[in-house]
Amino acid sequence: MEARLKLISRAMQAGMAAVALAGAVTGNLTWVPVAVISLVVSEIPPLLRRDLRLVLPVELNLWIVLALFLHVLGGFSGFYDNLPGWDHLTHAMSSSLIAALGFVTVVALDKYVGSIYLPGSFIAFFIVMFTMAMGVSWEVMEYVVDEVTGSNMQYSLSDTMVDLLFDAFAGFIVAAYGAYYLRHTSPDHFVESLQLVEAKAKIEAAIRR
Amino acid sequence: MRYARAPRRVFEAEASWVACTVLFFCTVYVILDTDVLWSAFGIAALSLYILPIVSKRDPFQALPWEMTLLLSSPIVLHISEGSRALSGAVGWWDDFTSLSFALSFATIGFLLTMELHMYTDVRMNRSFSVFFVIMFTIAISGFWQVGEYLSDVLAGTDNISSNSQVMNQFLWAAVGGLVMGFVYGAYIKAMPRSRREVLGLIHFWEVPGWKRD
């Protein structure tokens, strides 16, 4: 199973590399930087694993690559302009990703910080709020960038609102899935499988050196 | 009960009740007006106010009056005709109401963390609580705007005029949330112990020395 997921990730990375290459060869440079950056970002989890022994759940790894891939694919193939709803799809992907990273962070905080105790129902509530807060911050960032640079990231009121609706939706889904996940695997086991302690020891060793 | 007759306690509670009466009548008004979002706001705020009083069975277990006042300010501004007139006449009035809205939601977030500590197993440390208040304010503002938008689309109300109006609300929510997150962090530290005892809120967030086993 894990090998197959890894293969899928590699295939999508190859796709992004192909987009970067094709764009560079044909002189169609708009999406080349995005493809390259996405490729680099998609290599971060494997690098963390190799150098820090920090292991993200396999599903999350795949989700990261998929979100980046869909973004690059949409830009390259013009889906953003031609396929209605494509931007909402990628928006939902990235907000669910933020929600999932928030989930991992908050579960790890619960385990490793002695003065914090967060029961499962609170974690679910937290994820919903966290995702929405990040979504709002994102929209505000888009608005401010538009105002300052004169770009056009935010199309219209209804577009912004649908984005936020997708944020809320993604937050609820991840919160529900997270609650399910914690009920069916022990939270301790889940957090230990991330190997945060090993990663912390590695970082401390690197700083000392 | 030890403090039930202390004049200071009576004064604190009375000031708080006055502020809450405003909130109560505004809530009744928006409910009669079938203003769904604002009714939800009023009921949520009132529930957070009432909860300590009911659970301790002591009407003097009222929240600090300044928090109650902040809690009720946006709903007063929302229903007041004077505020509506000022919104047309004074350029910054809408920003002011947006900010009062953010301060009120930060207060709800703060009360939520406080009451979660009083009534559930949830334990946060100070920095997590500050983060939670900030995040809560921004998130609620998001849900609120989505709610207003949905009401515009589905029920034909006229809440939102433009995208930049929404963004303005968000910016004020971020400002108000950030400020109030840290203000409440400092507020807890700054409130003298004597007043904490009078209010019956010895520890707001932190149960001293609490450690997870």
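Show me the chymotrypsin sites (Phe, Trp or Tyr not before Pro) within the range B:1-83 that DSSP assigns to loop and that have at most 16 other Cβ atoms within 10 Å of their Cβ.
Within the range B:1-83, the qualifying chymotrypsin sites (Phe, Trp or Tyr not before Pro) (loop, at most 16 other Cβ atoms within 10 Å) are B:3.
What is the calculated FRET efficiency for residue A:153 to residue B:6, with r their C-beta to C-beta distance and R₀ = 41 Å, to the nearest 0.05?
Rounded to the nearest 0.05, the efficiency is 0.10.
Please give every one of the aspartates and glutamates within straight-line cross-link reach of residue A:202, meaning a C-alpha to C-alpha distance under 12 Å, and leave out same-chain neighbours fewer than 8 residues apart.
Answer for residue A:202, where 12 Å is the Cα cut-off: A:51, listed by chain and number.
Which one of B:83, B:73, B:141 has the biggest mean-square fluctuation once chain B is modelled by GNM with Cα springs under 10 Å?
Highest fluctuation of the listed residues: B:83.
How far is the Cα center of the range A:138-209 from the Cα center of the range A:34-74, in Å?
14
Over the Cα atoms of the range B:81-160, compute the convex hull volume and normalise it per residue, giving Å³.
Cα-based convex hull of the range B:81-160, divided per residue, equals 127 Å³.
FRET efficiency for residue A:37 and residue A:180, Cβ-Cβ distance as r, R0 = 41 Å, nearest 0.05?
Using R0 = 41 Å, I get an efficiency of 0.80.
Near residue A:208, within a Cβ-to-Cβ distance under 15 Å, what is the net charge of the other residues, with Lys and Arg +1 and Asp and Glu -1?
Neighbourhood net charge equals +2.
All other residues with a Cβ under 13 Å from the Cβ of residue B:78 taken together, and with Lys, Arg as +1 and Asp, Glu as -1, what is their net charge?
Around residue B:78, the charge tally is -4.
Based only on other Cβ atoms within 10 Å, what is the fewest-to-most ordering of B:123, B:195?
B:195, B:123
Taking the Cα atoms only, what angle lies between the long axis of helix B:36-56 and the longest principal axis of chain B, rounded to 10 degrees?
In chain B, helix B:36-56 runs at an angle near 10 degrees to the longest axis.
Compute the semi-axes of the equivalent ellipsoid of chain A, taking the square root of 5 times each eigenvalue of the Cα gyration tensor, and list them largest first in whole Å. It would help to have the intermediate numbers written out before the result.
On the way: eigenvalues 189, 111, 53 Å².
Taking √(5λ) for each eigenvalue gives 31, 24, 16 Å, largest first.
What does the convex hull of the Cα atoms of the range B:44-199 come to per residue, in Å³, rounded to a whole number?
On the way: hull volume 21.9 nm³, N = 156.
Convex hull volume per residue, Cα atoms: 140 Å³.
Since every read-out is calculated from the coordinates, none of them should be taken as a lab result. Worth saying up front: this structure is predicted, and the values here are computed from it rather than measured. Cβ sites come from the backbone with ideal geometry, for glycine too, and all protein chains shown count toward neighbours.
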